[in-house]
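Working notes for the structure below.
The values are calculated or read from the model by the stated rules, or taken from the named source; none is laboratory data. Quantities reported herein were computed from a predicted structural model and do not represent experimental measurements. Positions of Cβ are backbone-derived with ideal geometry, glycine not excepted, and every protein chain shown enters the neighbour counts. The protein model used for the area step is the full one, side chains on, heavy atoms only, and it has no ligands, DNA or RNA in it. Shrake-Rupley method; radii C 1.70, N 1.55, O 1.52, S 1.80 Å.
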Amino acid sequence: MKVQSISSGSSGNCVYVESDQVCFLVDAGKSGRQIQEILQAAGIDPRRLDGIFVTHEHADHIQGVGVLSRRFRIPVFANENTWGAMAKRLGRIAPNHRIVFRNDQAFEWKGLEVRAIPIHHDAVDPVGYTFTSREEKATILTDTGFLDDRIMDRIADSNIFYLEANHDVAMLLNGPYPEPLKERVLSNRGHLSNRQAGQALAGLLRGKDEVVLLAHLSEENNTPEISLATVRAVLMEEGIDPDRGMTIKVAPRHAASRVYTCRYDQENCPDAGDISPGPLVEKERRG
């Protein structure tokens, strides 16, 4: 299984996942045109996409969903409550492309086991996902105020963790956000901090060649360097060597990342050269 971040952050979220029989997106939070351009710059033909899985209805996760579904005849997957919250903003979706699932009930789709995991965010019914193919398992999980035992159990034993590390608490508290927004981000229905992400990973990583992509970083309350350093420091506090048996990277905000596989290959995935789609930067939406 392959995972590639297409866009990550409050200005738009999108992840590309591919297995032997299927390729799809999780969320499409930039415009349809922008996502199409980033995909094509990364060598991905959007006409091949088999589906778009939506985590929740916030604009930075659904902005391009409707356009891409209509343009390339792509089915869209979401739970019933999320469909109710986002349907008008998506525009017309062909009835056979409107797929509804039930949370926390695994289902088989084109050789994958898919599970939507309820999370804690200020949306109507937000979820993260696990995708399992044979012995390979990938977790895509952002936009949650905390990780409870049920979530930790569901995402355990993943080979790839695409996990939120949204903010540095000190930067947030001393930054420009108004107090109500600071309280929202810090709440149990907000976003994971760098330290919370590190603490979760300390309970999940087993040193079995796992790949971690730290995602959904705030542009104003975090930096890639601080996020990575904090997560590494938390792991070392817990007696885990972040340089042994795992790979930890940060998902780029406005560009596609390199491709990561469930069995990380240092020779074939060198630590250089993230793909850049050009000047597609948008002003960050708060939320």
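Residue by residue, here is whether (1) surrounded by fewer than 21 Cβ atoms within 10 Å (Cβ to Cβ); (2) polar (S, T, N, Q) holds:
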position	(1), (2)
15	no, no
25	no, no
30	no, no
40	yes, yes
50	yes, no
57	no, no
61	no, no
69	no, yes
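Does region 47-64 hold any residues that are in a helix (DSSP H, G or I) and either farther than 28 Å from residue 123 by Cα or among the small types (Gly, Ala, Ser) (or both), and which are they?
Of everything in region 47-64, those that are in a helix (DSSP H, G or I) and either farther than 28 Å from residue 123 by Cα or among the small types (Gly, Ala, Ser) (or both) turn out to be 47, 48, 59.
Restricting the search to region 206-225, which residues are open to solvent by 10 Å² or more (accessible area, probe 1.4 Å) and of a type in the set (A, V, I, L, M)?
217
Check 17, 67 and return the single one that is in a strand (DSSP E or B) and modelled with pLDDT of 95 or more.
The unique qualifying residue is 17.
Yes or no: residue 85 assigned to a strand (DSSP E or B), closer than 20 Å to residue 59 by Cα and open to solvent by less than 40 Å² (accessible area, probe 1.4 Å)?
no
Filter region 246-263 down to the residues that are among the charged types (D, E, K, R) and under 14 Å from the mean Cα position of the chain (by Cα) and list them by number.
First pass over region 246-263, keeping only residues among the charged types (D, E, K, R): 249, 253, 258, 263.
Hits for region 246-263 are 249, 253.
With 108, 113, 135 as the choices, which residue is open to solvent by 40 Å² or more (accessible area, probe 1.4 Å), modelled with pLDDT under 95, of a type in the set (Asp, Glu) and out of contact with any helix residue (DSSP H, G or I) (no Cβ under 6 Å at 6 or more places or on another chain)?
Sole residue among the options that is open to solvent by 40 Å² or more (accessible area, probe 1.4 Å), modelled with pLDDT under 95, of a type in the set (Asp, Glu) and out of contact with any helix residue (DSSP H, G or I) (no Cβ under 6 Å at 6 or more places or on another chain): 135.
Looking at 10, 5, which one is touching a His at 6+ places or on another chain (Cβ under 9 Å) and open to solvent by less than 10 Å² (accessible area, probe 1.4 Å)? Explain how you work it out, then say what you get.
Numbers: 5 fails: touching a His at 6+ places or on another chain (Cβ under 9 Å).
Going through 10, 5 in turn, the sole match is 10.
What are the residues in region 89-103 that are part of a loop (DSSP other than H, G, I, E, B) and not small (Gly, Ala, Ser), if any? So that I can check it myself, show each step before the final result.
At the first step, the residues of region 89-103 found to be part of a loop (DSSP other than H, G, I, E, B) are 91-94, 102-103.
Listed by number, the residues that qualify are 92, 93, 102, 103.
Just the residues that are in contact with a Leu (Cβ under 7 Å, 6 or more places away or on another chain) and free of Cβ contacts under 8 Å to residues at least 40 places away in the same chain, please, taken from region 165-185.
Those that are in contact with a Leu (Cβ under 7 Å, 6 or more places away or on another chain) and free of Cβ contacts under 8 Å to residues at least 40 places away in the same chain: 182, 185.
What number of residues in region 142-163 are buried (at least 21 other Cβ atoms within 10 Å of the Cβ), without any contact (Cβ under 8 Å) to a residue 60 or more places away in the chain and closer than 14 Å to residue 211 by Cβ?
4
Of all residues in region 50-92, which are β-branched (Val, Ile, Thr) and in contact with a Phe, Trp or Tyr (Cβ under 9 Å, 6 or more places away or on another chain)? Full working, then the answer.
Taking region 50-92 and keeping what is β-branched (Val, Ile, Thr), we get 52, 54-55, 62, 65, 67, 74, 76, 82.
Result: 52, 54, 55, 74, 76.
Tell me, please, whether a residue that is open to solvent by less than 20 Å² (accessible area, probe 1.4 Å), under 28 Å from residue 209 (Cβ atoms) and touching a strand residue (DSSP E or B) at 6+ places or on another chain (Cβ under 9 Å) can be found in region 166-187.
yes
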